Amino acid sequence: MATLAVISDVHANLHALEAVLADIDEEGIGEIVCLGDTVGYAAHPARCLEVVRDRAELVLLGNHDHAVAAGESFAFNPHARAGVDYSRDQLDREAIEYLKTLEPLVRRADICYTHGSPRDPIREYVFPDTPEDDLADIAKQARCAFLLMGHTHVPLDLEVDGVRLLNPGSVGQPRDGDTRASYAVLDPDTGAWTLRRVEYDVEAAVEDVHDAGLPEFNGERLKAGM
Ligand code: ZN
């Protein structure tokens, strides 16, 4: 199988997305998969969705994508809700219809791709410190050798009962204290998983969030990686 670049949680941060795609191209990786949440939070949801659609072989539905498609932002905190409402405003009808076609979980070859987890593909968070019993159940429900998850914005690489639980972190809003954009490269033949961190123009992304009239916090958090 071909080597895969795994991206997730772009969250409308075009500056971060472009830097990651440049790195992927430099590495010569031909195939890209996106684990969801392309929109929400930041200033460029329409352009990010356009670019991800164009570049990725597989695009999943995340909780923010779902909220934008359905016009349901009420379950989110105020910062996330503003991002969802802004994204819905920015996307044209065709882009909204496209979001509605996406799935939150797909199994292909020996890889299970999901935004959250196999138990709750849109909403469950699987962190490095998720209790062992839950991890074992999640690994079992993957029914694949590799389980690729997004949603937490925190990288993960664990082996549980013979299943690799992997998370590439977030392209557009890293939350592990490192402000650089995060993605990963998987070689399904060898099991090699390489996390990559890419510098991008954080200040420009913050400025765009401000200019878009989005909550300042949606930009400030990018400067802290949280
Ligand atoms: Zn997200």
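Readers should treat all values here as calculations from the given coordinates under stated rules, not as data from a laboratory. Note that the coordinates shown come from a computational prediction; the quantities given were computed from them, not determined experimentally. In this analysis, Cβ positions are derived from the backbone assuming ideal geometry, glycine residues included, and neighbour counts consider all displayed protein chains.
Across region 25-100, Cα pairs under 8 Å and at least six residues apart give a relative contact order of 35 percent.
With a ≥ b ≥ c taken as the square roots of the eigenvalues of the C-alpha gyration tensor of region 42-193, please select rounded if a/c is under 1.5 and otherwise prolate if a/b is larger than b/c or oblate if it is not? Before the final figure, lay out each step's value.
Working: a/c = 1.76, a/b = 1.62, b/c = 1.08.
In terms of gyration-tensor shape, prolate.
Summary value for the chain: 24 percent relative contact order, contacts being C-alpha pairs under 8 angstrom separated by 6+ residues.
A simple charge model with +1 on the Cβ of Lys and Arg, -1 on the Cβ of Asp and Glu and nothing else charged puts the dipole of region 174-226 at about 240 debye relative to its Cα centre. Annotation: the antiparallel percentage among DSSP beta bridges lying fully within the chain is about 60. Per-residue ellipticity at 222 nm, computed for the chain from helices alone with -39500 (n - 2.57) per DSSP H run of at least four residues, works out to -11000 deg cm²/dmol. Separation of region 159-215 from region 8-68 is 11 Å, based on Cα centroids.
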